[in-house]
Amino acid sequence: MVKFSKELEAQLIPEWKDAFVNYWQLKKHIKKIKLARNKRPTQLNHGFGRSIVDPIRFIAMKLLSTKLFFSSNNNTNTDDDETVKVRSKSTEDASDHEVEFYQTELLQLFSEEDEVRVFFERLDEELNKVNQFYKTKESEFLERGEALNDQLQTLMDLKQILDGNRRWKPNILPRSSSSSRRNSGFSDSPLGLNDGSTEISDEIIAAFERNGVKFMNSPAAASAGGGAKRKKVEKRKAAMRIDIPATTPISAISAVTSMLWEDLISNSTKQDSTAGHSINRKKIQCAEKMIRTAFVELYRGLGLLKTYSSLNMVAFTKILKKFDKVSKQEASARYLKAVKRSHFISSDKVVRLMDEVESIFTQHFANNDRKRAMKFLRPQQHKDSHLVTFFSGLFTGCFVSLFGIYIILAHLCGIFSATTGTAYMETVYPVFSVFALLSLHMFLYGCNMMMWKNTRINYNFIFEFAPNTALKYRDAFLICTTLMTCIVGALLIHLLLTAAAISPSHVDTIPGFLLLIFIALLICPFDIFYRPTRYCFLRIMRNIICSPLYKVLMVDFFMADQLTSQIPLLRHLESTACYFLAESFKTRQYTCKNGSLYRQFAYVISFSPYYWRAMQCARRWFDESDPNHLANMGKYVSAMVAAGARLTYATQSNSLWFGVVLVTSIVATVYQLYWDFVKDWGLLNPNSKNPWLRDDLMLKNKSFYYISIALNVVLRVAWIESITRFRINQVQTHLLDFFLASLEVIRRGHWNFYRLENEHLNNAGKFRAVKTVPLPFREMDSD
């Protein structure tokens, strides 16, 4: 049987962990009570021992066992068995409203037992904490539901005008007071449609503006500006716009960014002079998608709050039963009555609001198909298949066996010798190195996902992945092992055909065919081979390459950071493209590196990942006005300068360029290490309770963090090898380069875990467990 503490830890919401009942701390108090009672020479529930008042105390305990009182200033609720009072306390927030909190007053029953008194004081604190957090979140979700209802009402009215199937007149319901809306969820109907005219008259525009929909340059607005302005409006058709917020926090609506400042209501080329305005259908569809996503997130948040309530109730029940067992008394029944009357249990607003959201979503976004609506509101996660684990193990065994055979045959054929291996390493090595580095990166990403899952880091929420299509760590291992098995198999076939003296023009096409097959699978439109993941990868790469045109999301700059560690892979792709496009495979004479265009393009390849990442920082600074993004951009600019200096030093080996490489590389390395530890990982805090780390740590063993800091420093200075020129022959040079590139990929995989750990702790510190989706229709000021 699983202990409840482990069950609670597995089911609680990671971002709200600090708001849950501290069940583990309360268990420690229970143990203290047990130890204190075991040390007593006499037990209160048995013999009368050394004190003459023990018989009286025993009778009093039976009569007054665990009767709880709650002190009160202004509220008193009385029932037959006990008196429960709630004390109100003024808060210091903007609303300055009264907040209820509970405080237990114990009778003489527990007056001599400090451990019990401390336990109930701690229990009161936990109850108050849970209650206040629940009220805060409930208020947020109710306000969000009210805003979404207004947005949906406006959307339905605009769609009715757009369709033109029914006659319409402006009958938009006025906004009700927030208090009445909160008490009943969605109090207004989302539709305010009646029969009337289909053209957008001034009266309709005025009605929309009263409802918070802002029309730019409308006739009503123009009339307020005077006669001259009104004459200009009469000469041209007025262009109108409904403001859409210029933020897109989820990738599902990233396409809206290119259209945010266009007119939602634009001029129609086919309308006559009497019909002055028409609605842009595409913008209405974008607005509908944003509202639909906002409803899904609202429903998810309500579900999390419902889970929060039920788990805390079970936790209170379990801990009180443990107290009864240790104290040989019956305190749980009476205290639980107070818990059940508290707001987080007695309030049904969340349940009613969930029902309202289900009803509205089914009606307006699922064509009254409840089953279809539930697929959006409650997406089912795919269960882990044993076949995935089986094939991962199978392909791992195949890879190890084939790789062992390849090493033996390569040694027998003299592939890695200095005399015969040069041509092989120049032609075949770059293609297979691409797949090897890619497979290593995928393997490390699978390890990251496994560690994130074990430490309860919600990486799907951070990356904004759909839970029903997101890649799992077993899938990553399967992709990695499958790819490596295919690579080593192709290497082995290529080696056997080379040894059989078959024409190089046929043999050396094997790596090219392997690359083409991989690209074809990546862009395959059929729903096979993890299509959602493949298309998500392509979309992220588009966003990175087109930086800073697209709004930068967490997954975008996270992937761009991965590219900065895969510059050798990109260089190998350059070599491969040159090898096959120049048809060098027909003669095995690799002449690409001798061309000036190739050398110039090497700078472009080496600069591109840093440039993309710097442009993302610039875009984030433009969107958020945070100077830290400019400082982060400086880090990538310094890395770009250092990379360029090392490339130049490779062709111009003199003392001047050696000094330039040394200075730029040291500056870039120190800059990167500072940003890694302080900004990305949140470590090196001298005032932390964990020396030179941070206050909150996901790993229990602190030594892992110190080892990781030292390892990151060592791997960051691997560039020293590029200027020491430790080389023996051409074959070993390529092998050493591959080894150093693998170390950088390993460093990046190691960096990934702590980067997401810090991001998760930031979300948990702000209790951020639900995405905030921007709403399309911006409300006007009251004046």
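General remarks:
- Among the listed pairs K39/K318; K283/K766; K137/K322; K325/K766, those whose Cα-Cα separation exceeds 28 Å are K283/K766; K137/K322; K325/K766.
- Contact order, relative form, for the range 462-564: 29 percent (alpha carbon pairs under 8 Å, 6 or more residues apart, mean separation divided by residue count).
- Once divided by 2.2 N^0.38 Å, the Cα radius of gyration of the range 295-377 becomes 1.53.
- In nm, spacing of pseudo-spin labels at V667 and A718 (7 Å Cα→C-beta vector): 2.5
- Convex hull volume per residue in cubic angstrom - Cα atoms of the range 458-498: 73
- Within the shell of other residues whose beta carbon sits under 12 angstrom from the beta carbon of K766, the net charge comes to -2, with Lys and Arg scored +1 and Asp and Glu -1.
- Note on the range 386-765: Cα-only Rg and Dmax are 21.8, 68 Å.
- With a simple spin-label model that places each label point 7 Å from the Cα along the Cα-to-Cβ direction, the separation between K375 and Y535 comes to 1.3 nm.
- Set of the range 279-302 residues, backbone N closer than 19 Å to the point 7 Å along the Cα-Cβ line of D348: 302
- Greater than 22 Å apart at Cα, pairs in K129/K337; K6/K375; K289/K472: K6/K375; K289/K472
- For the listed peptides 133-143, 550-560, a ranking on the average number of other beta carbons within 10 Å per residue, highest first, reads 550-560, 133-143.
- Average Cα contact separation per residue, the range 386-765, under 8 Å, 6 or more apart, as relative contact order %: 21
- Segments 511-518, 380-387 sorted - mean Cβ within 10 Å per residue, highest first: 511-518, 380-387
- For L683, distant residues with modelled amide H under 5 Å away: V678
- Each of the peptides 575-586, 618-629 was scored by the mean count of other Cβ atoms within 10 Å over its residues; in descending order, highest first, they stand as 575-586, 618-629.
- Per atom type, the range 386-765 shows carbon and sulfur on 71% of its accessible surface, probed at 1.4 Å.
- Entry comment: accessible area of the range 386-765 is 48 Å² per residue, from protein heavy atoms only and a probe of 1.4 Å.
- Separation in nanometres of the label points that stand 7 Å from Cα toward Cβ, at S401 and D163: 6.3
- Cα-based radius of gyration for the range 572-672, normalised by 2.2 N^0.38 Å, reads 1.37.
- About its Cα centre, the range 386-765 has a charge dipole of approximately 200 debye under the convention of +1 per Lys or Arg Cβ and -1 per Asp or Glu Cβ, with nothing else charged.
- Summing +1 for each Lys or Arg and -1 for each Asp or Glu among the other residues whose beta-carbon sits under 13 angstrom from that of G749 gives +1.
- Distance from the alpha carbon centroid of the range 649-671 to that of the range 618-633 works out to 28 angstrom.
The values are calculated or read from the model by the stated rules, or taken from the named source; none is laboratory data. If you're wondering where the values come from, they're calculated on a predicted model, not measured in any experiment. For neighbour counting, all protein chains shown are included, and Cβ atoms are generated from backbone atoms with ideal geometry for every residue, glycine included. SASA here: full protein model, heavy atoms, side chains in, ligands and nucleic acids out. Shrake-Rupley method; radii C 1.70, N 1.55, O 1.52, S 1.80 Å.
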